[in-house]
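Student: What follows is a structure written as structure tokens; I'll ask about it next.
No lab work stands behind these numbers, since they all come straight from the coordinates. Computed from a predicted model, the values in this text were never measured in an experiment. Cβ atoms come from the backbone with ideal geometry, glycine included; neighbour counts cover every protein chain shown.
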Amino acid sequence: MKTLVVYYSMDGNTKFAAELIARDLSADIMPLEPIKNYPRSTIGKYILCGKAATFGEKPKLKPYLYDPADYERIIIGTPVWNSRLAAPINTFLKNSDMKNKTTSAFFSSAGGDAGKCIAKLNEKLGHMEGTLSLINAKKNEELTQKRVGEFVDQINACLK
Ligand SMILES: Cc1cc2nc3c(=O)[nH]c(=O)nc-3n(C[C@H](O)[C@H](O)[C@H](O)COP(=O)(O)O)c2cc1C
């Protein structure tokens, strides 16, 4: 099944998981990149990114590497920002027709619950074959690899 892993990552945790998932599924991988970069300072990012997530902002993104319309299965990866989806994911969801796609998602947090993000994506997509919540994905490398393996098995089992 032609699969695209789409993700946004600011500090590399979601990217780390995205690359493992794409490798295991032999999928194409596409980072979302806002045209206007978010600040990298701790205070700046917590204020601006937090606000962007809380208010459901949809920042303009650089052109996509791939056309999601060409894929049957889309796997979305997002950091948890203020218990919500990272703002670039809102843009992706608004621009893409996910009807008739097989969808799954993975979430990267620093310890918080991804429940709100999962609910939001479920609401937007209508269905997800699998979800994976990771805590400090890069730091907990071994656990992340194990949980990614389980996630990949789970979503592949849905195809049978
Ligand atoms: C603006 C902002 C809000 C965040 N809110 C939460 C949160 O609500 N719960 C949580 O556990 N982690 C939160 N985090 C931490 C990130 O979810 C976590 O570091 C994640 O792994 C970052 O992914 P990345 O490295 O791919 O950017 C927040 C980080 C930022 C920048």
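Student: Give the calculated FRET efficiency between D24 and K60 to the nearest 0.05, with a Förster radius of 45 Å applied to their Cβ-Cβ distance.
Tutor: That pair, D24 with K60, gives E of 0.90.
Student: If I take R0 = 25 Å and measure r between the Cβ atoms of A69 and K138 in this structure, what FRET efficiency does the formula 1/(1 + (r/R0)^6) give, to the nearest 0.05?
Tutor: 0.20
Student: Using the number of other C-beta atoms within 10 angstrom as an exposure proxy, rank V5, V152 with the fewest first.
Tutor: Final ranking by Cβ density, sparse to dense: V152, V5.
Student: Continuing with this model, one more query. So if each residue of separation counts as 0.36 nm, and I subtract the Cα-Cα distance between L48 and K160, what length gain in nm does that give?
Tutor: 36.0 nm
Student: If a/c stays under 1.5 just call it rounded; otherwise compare a/b with b/c (prolate if a/b is bigger, oblate if not). Do that for region 43-101, with a ≥ b ≥ c from the square roots of the Cα gyration tensor eigenvalues.
Tutor: Prolate, because a/c is 1.5 or more and a/b exceeds b/c.
Student: Still on this structure, please answer the following. Under a plain spin-label model, where a point goes 7 Å from the Cα along Cα-to-Cβ, how far apart in nm are E33 and N122?
Tutor: That separation, rounded to one decimal, is 3.5 nm.
Student: Can you list residues from other chains, or at least 5 along the same chain, whose modelled amide H is less than 5 Å from the amide H of S133?
Tutor: Under 5 Å from the amide H of S133: F107.
Student: Another question, then. So which lysines can K2 reach, going by Cα to Cα under 19 Å and dropping same-chain residues fewer than 8 places off?
Tutor: By straight Cα distance, K2 reaches K99, K101, K160.
Student: Could you derive backbone 3J(HN,Hα) for region 38-44 from the dihedral phi with the Karplus parameters 6.51, -1.76 and 1.60 (θ = phi - 60°), listing whole Hz in sequence and x where the residue is Gly or Pro?
Tutor: 6, x, 9, 5, 4, 5, x
Student: Only bridges with both residues in region 3-152 count here: give the DSSP antiparallel percent, nearest 5.
Tutor: For region 3-152, the DSSP antiparallel bridge percentage is about 10.
Student: From Cα pairs below 8 angstrom and at least 6 apart in sequence, can you work out the relative contact order of region 3-152, rounded to a whole percent?
Tutor: This gives 26 percent for region 3-152.
Student: Taking the beta-carbon count within 10 Å as an exposure proxy, list R40, R73 from fewest neighbours to most.
Tutor: R40, R73
Student: For K51, which lysines qualify as cross-link partners when the Cα separation must be under 27 Å and same-chain residues fewer than eight apart are set aside?
Tutor: Counting by Cα, and skipping residues close in sequence, K51 has these lysines nearby: K15, K36, K60, K62, K94, K116, K120, K124, K138, K139.
Student: If each residue's Cβ is checked for other Cβ atoms within 10 Å, how do F151, F107, F16 rank with the fewest at the top?
Tutor: F16, F151, F107
Student: Along region 57-62, what does the Karplus equation 6.51 cos²θ - 1.76 cosθ + 1.60 (θ = phi - 60°) give for ³J(HN,Hα), rounded to whole Hz, x for Gly and Pro?
Tutor: Each residue of region 57-62 in turn: 4, 10, x, 5, 10, 5 Hz.
Student: When a/c is below 1.5 the answer is rounded, else prolate if a/b is larger than b/c, else oblate, so apply that to region 3-152 with a ≥ b ≥ c taken from the square roots of the Cα gyration tensor eigenvalues.
Tutor: rounded
Student: Same structure again: Report, by chain and number, residues whose modeled amide H sits under 5 Å from the one on L32, excluding near sequence neighbours (fewer than 5 apart, same chain).
Tutor: Hits under the 5 Å cutoff: Y7, Y8, S9.
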